[in-house]
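A quick write-up on the structure given underneath.
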Amino acid sequence: MGKSVLLVHHDGKGGMQRGSSRKEDVLDTVIKLLRPKSYTPDQGALFKVHFRKNRGIHSDDAKTFEASLIAGELAAVNHRGKPAG
């Protein structure tokens, strides 16, 4: 079909989504953005991208990686420190 829907939702104070988890039942991919343990504010927008649910994404493609926003571009680095393809 060539169409996608992006649903943005935030977790509650406990780190898990609030309310029913049923909204994730129909989703193929659920991504959680985490702050790296070594993060400092001078690093700007830096995230660990973690796949909580991933239908059709396997092995190395499903591993957590870091991404950062640099000068208006999304620069991603995979779990081995190489640019994400």
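General remarks:
- Accessible surface ranking that places the most exposed of Lys3, Lys63, Lys13 first, with a 1.4 angstrom probe: Lys13, Lys3, Lys63
- Here the gap between Ser68 and Asp11, fully extended at 0.36 nm per residue and compared with their Cα-Cα distance, gives a gain of 18.5 nm.
- Each residue, Ser59 and Asp42, gets one label point 7 Å from its Cα in the Cβ direction; the gap between the two is 4.0 nm.
The values are calculated or read from the model by the stated rules, or taken from the named source; none is laboratory data. Predicted model only: the values in this text are computed from it and were never measured. Cβ sites come from the backbone with ideal geometry, for glycine too, and all protein chains shown count toward neighbours. To get the accessible areas, we keep the full protein, side chains included, count just its heavy atoms, and leave off ligands, DNA and RNA. Shrake-Rupley method; radii C 1.70, N 1.55, O 1.52, S 1.80 Å.
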